[in-house]
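Let me begin by presenting the structure, written as structure tokens, before commenting on it.
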Amino acid sequence: MATPSEQPDRPTRGSAGAGADAGAGAALGPGPTDAPDPRLGGSDPRGLGAAPGAGAADATPPSASSTPAPTSAGRESRAPAGESRLIGFLRELTETYGPPGREDAVREAIRARVEAWADEVRVDALGNLIARRSPRGGAGAGARTGGAGGGGGAGRSGHRVMVAAHMDEIALIATHIDDRGFIRVEPVGGQDPLVLVGQRVAFAGGVVGVVACERLDSPRDLKMGKLYVDIGAPSGDAARQRVRVGDMAVFHRPLERAGSRLVAKALDDRSGCAVLMEAMARLKESPHEVPHEVFFVFTVQEEVGLRGARTAAFAVEPDVAVAVDVTVAGDTPEPEHRLAVELGKGPAITVKDNSQIVHPLVRRWMETTAQAEGIPYQLEVRPFGGTDAGAMQLVRAGVPAGTLSIPIRHVHTPGEMVDADDLEHAVRLLVAMLQRPLPAA
């Protein structure tokens, strides 16, 4: 979830000023195609290649107890016995280093899993991981013959759907290393100096430090310029051998259980990534038809301006788009904003935030599906922040978009908290949505 200062301040290239509501029928256009999508690029800029279609579809999905990925502290993540696959995904992802623009380790952890559940996997030039799943049966499984606004979709139930969750997490970036080895830092994404003091952080490669503060005459003097990171180096030269200007550090904390609650850093938005991964696995295992061509996109640089979603949506040209992200719960003592969202009451369907007014069709798709499936949900109106949906809706001629939100407490801290049942219900809702046609415009 991006805070107001991290949202883009100008429209996406190729966006249209016309409202998407009036043109919803045309915008949803025809059904999807089974062929590999040439717009995702015939080559991979990182030499990673695409997952072979048939081979990927036939592969056995790895379990949550597979070989763990390196974490941000250079450890290995060890999942407790009996932990669900969904929580196993979340544990692995939250304990992996991935600041904005440096999401490589998170991307590879996700890619190692999802290749078994996708027909095509690509990494674009900005670093977004795009996993395409062809439709399976149903009236919408025919070829898509027109563009996003080209019409010709009568009689079809399937469309091109983009579902996005961002891989990056808030971070600090080293700006100066003094002769005593102390590292000055600036925020990458929304950071509160009050939260940072005394926290442990880890740079790439596992260098761990503590955020400390200069002496203050008054608590009101606490600002980012007063903070520094102490990595225990005896001198500036020793520090510079371990950390360079431009290196980024993230919070250094494991995932912990507190009953049904989960506490970790980077739940914004590794929660959404884990929901997408689990949804892909369940769709693979399900005998039910999926009429849509679905692009599961794990985006980059959301925390610094919704950047990855913008370029990915431009390439995918979705008929409709859904972001899966976190939203602030309003159930803590004396919250700054009175929000009708609580932990444990189900995922939230966004009505409005600072980046979007959710398209009525997308909201109706989410609500009617939840009601039909008996899945608890909440409605969210948030007067701050935004999600990848805000960028996706402005691509090309406009895309009907919305956000499926996971309630979270203590966002943008090392102790973010979500409820395991909310995650499970978010997966169930997303899977059910993708197995149903969109409602009539």
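Some values worked out for this structure:
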item	result
Under Karplus coefficients 6.51, -1.76 and 1.60, residue-wise ³J(HN,Hα) of the range 375-390 in Hz, glycine/proline x	9, x, 8, 10, 9, 10, 10, 10, x, 8, x, x, 9, 4, 4, x
Per-pair calculated FRET efficiency, R0 = 25 Å: Glu336 and Asp221 via Cβ, rounded to 0.05	0.70
Packing rank of 255-265, 311-321, where each peptide gets the mean count of other beta carbons within 10 Å, highest leading	311-321, 255-265
Per residue solvent-accessible surface (Å²) - the range 218-311, probe of 1.4 Å	38
DSSP-defined antiparallel bridges as percent of all bridges, the range 332-441, nearest 5	55
Rg(Cα) / (2.2 N^0.38 Å) computed for the range 394-441, rounded to two decimals	1.56
Net +/- balance of residues flanking Ala239 in space, Cβ distance below 13 Å, scoring K and R +1, D and E -1	0
Fraction of accessible area attributable to carbon and sulfur, the range 300-389 (%, probe 1.4 Å)	52
Three-way shape call for the range 237-343 based on the alpha-carbon gyration tensor, with the a/c threshold at 1.5	oblate
Solvent exposure of the range 329-408 as accessible area per residue, Å², 1.4 Å probe	37
Whether the range 288-392 is rounded, prolate or oblate, judged on the alpha carbon gyration tensor where a/c under 1.5 counts as rounded	oblate
Karplus-derived 3J(HN,Hα), 6.51/-1.76/1.60, for each residue of the range 86-99, Hz, glycine and proline x	4, 5, x, 4, 5, 4, 4, 6, 5, 8, 10, 6, x, x
By average C-beta atoms within 10 angstrom, highest first, the peptides 268-279, 350-361, 367-378	268-279, 350-361, 367-378
Spatial separation of Cα centroids for the range 159-199 and the range 277-349, in angstrom	22
Shape category assigned to the range 346-441 from the gyration tensor of Cα positions, a/c cut at 1.5	oblate
Stretchable slack from Val195 to Asp178, in nm (0.36 nm times residue separation minus alpha-carbon distance)	3.8 nm
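The values are calculated or read from the model by the stated rules, or taken from the named source; none is laboratory data. The shown structure was predicted, so the numbers you read here are calculated from the model rather than taken from an experiment. Positions of Cβ are backbone-derived with ideal geometry, glycine not excepted, and every protein chain shown enters the neighbour counts. The area values use the complete protein model at the heavy-atom level, side chains included, leaving out ligands, DNA and RNA. Shrake-Rupley method; radii C 1.70, N 1.55, O 1.52, S 1.80 Å.
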